[in-house]
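The values are calculated or read from the model by the stated rules, or taken from the named source; none is laboratory data. Note that the structure is a prediction, hence the values are computed from the model and not measured. Cβ placement follows ideal geometry from the backbone for every residue including glycine, while neighbour counts extend to all protein chains displayed.
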Amino acid sequence: MNNLLIINALICAVGFFVGVHTFIKHLKAFSSEKTPVIEAWLVAVGMLAWSVLLYASFDEPVITRLEVFSRLLFLIYWVGGILKVQKQCIKIRRHLSKRKTNLYKP
């Protein structure tokens, strides 16, 4: 395997697994609690994009440095967006937990 292909595969895999982690842990995909739909949809589409790029990198063995660099920059942008989503989910959970504690105070 080419070194660029391995680096590209690692970049795509990191992007996909960051999305999976956020989707499961922060957006609570498998929980009965409410999930912010807009963020969940965007994270799901982003995960799909990373998985398609990962598959395409194995299907197309010729990858240029420019493609790897652009995917690295996109990964940085993606992680920044994911961190915003995580921060917003934490704020929502804190707000809801404060609301619940205020409702039960005598």
**Item:** Contacts under 8 angstrom Cβ, first residue in the stretch 4-16 being in contact (Cβ under 8 Å) with a residue 40 or more places away in the chain, partner outside any helix (DSSP H, G or I) and crowded, with 17+ Cβ neighbours inside 10 Å, 6 or more apart
**Value:** L4/I63; L5/I63; N8/I63
**Unique match (being at pLDDT 80 or above and on the phi < 0 side of the Ramachandran plot) among K100, K91** = K91
**Asked** Can you tell me which residue in the stretch 26-57 is surrounded by the most Cβ atoms within 10 Å (Cβ to Cβ), limited to those that are at pLDDT 75 or above and aromatic (F, W, Y)?
**Response** W50
**Prompt:** Would you say V85 is β-branched (V, I, T), surrounded by 14 or more Cβ atoms within 10 Å (Cβ to Cβ), at pLDDT 80 or above and closer than 20 Å to I6 by Cα?
**Reply:** no
**Prompt:** Residues of the stretch 1-25 being aliphatic (A, V, I, L, M) and modelled with pLDDT of 70 or more, which ones?
**Reply:** L4, L5, I6, I7, A9, L10, I11, A13, V14, V18, V20, I24
**Message:** Tally up the residues in the stretch 58-71 that are surrounded by 16 or more Cβ atoms within 10 Å (Cβ to Cβ) and assigned to a helix (DSSP H, G or I), please.
**Reply:** 3
